[in-house]
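Worksheet: the structure to be examined is printed underneath.
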Amino acid sequence: KFFEEIDAFRKKITLTTADSQETVKKNNEEAVKLMEKLSGLENLIKDQIERATGFSLFQSFQKRQESIAGSKMFWVYALGFLVAVSLGLTYYVIHTTTTFDNVFYMKLSFSLPLIFAITFCVVQYSRERRLEEEYAFRANISISLNPYQELVSKLIDKAVPGEREKFTGFLIESVNKVFTSPTDKVFDSPHK
């Protein structure tokens with residue numbers, strides 16, 4: 001009877017061992033599947049964050065571009081007003097003066113501030129127009145930087161050190177273009 005009980009316990013232990021091994025194998029397979037799913041989700045989150053970052057840069061550049069477009073119109077209206085005043089002053093000088101004396105030259109000197117104001121409005125308009133274009137360009141770069149980086153990384157062989165250096169240089173240069181101030185290009189000109 002004692003040996004029969006031992007044999008029964010051995011059978012139970014063998015069955016329990018087989019069941020536990022099957023359960024461990026099943027759990028390991030499930031864990032591998034969950035790890036793969038987790039890795040996929042992490043990559044998806046990373047892609048979404050990169051897109052969101054690119055889109056937020058795009059939106060901030062676009063907002064700045066739109067605000068510059070609005071202020072640019074102020075200079076257009078100011079320029080139109082000043083040209084109208086200048087034409088009115090010219091008409092006044094021509095019709096009120098018949099001789100070229102000191103009064104004529106005094107009236108003519110009134111146009112000097114107008115000429116300066118017109119020049120200032122033209123310069124400001126051109127600067128803001130260039131800033132608007134610069135922000136539009138940066139908005140386009142910010143939205144396409146990640147896909148372009150992926151395309152370039154697929155085209156080069158990273159095992160070759162020279163190509164890796166070119167790729168790294170490209171990335172650094174592209175990021176620098178996006179994150180440097182556009183006003184440096186617009187306001188630092190040889191024609192100050």
Using θ = phi - 60° and the Karplus form 6.51 cos²θ - 1.76 cosθ + 1.60, what ³J(HN,Hα) does each residue of the stretch 73-88 get, whole Hz, x for Gly and Pro? 5, 4, 5, 5, 5, 4, 5, x, 4, 5, 5, 5, 4, 4, 5, x
Determine, for each peptide in 62-72, 80-90, 33-43, the mean count of other beta carbons within 10 angstrom over its residues, then list the peptides with the highest first. 62-72, 80-90, 33-43
Would you pull out the residues with amide H under 5 Å of Phe110's amide H, same chain only if 5 or more places away, H placed 1.01 Å from N? none
Once normalised by the length of the stretch 1-143, the mean sequence separation of its alpha carbon contacts under 8 Å that are 6 or more apart gives a contact order in percent of 41 percent
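Since every read-out is calculated from the coordinates, none of them should be taken as a lab result. All values derive from a computational prediction rather than experimental measurement. FYI the Cβ positions are ideal-geometry reconstructions off the backbone, even for glycines, and counts take in every protein chain you see.
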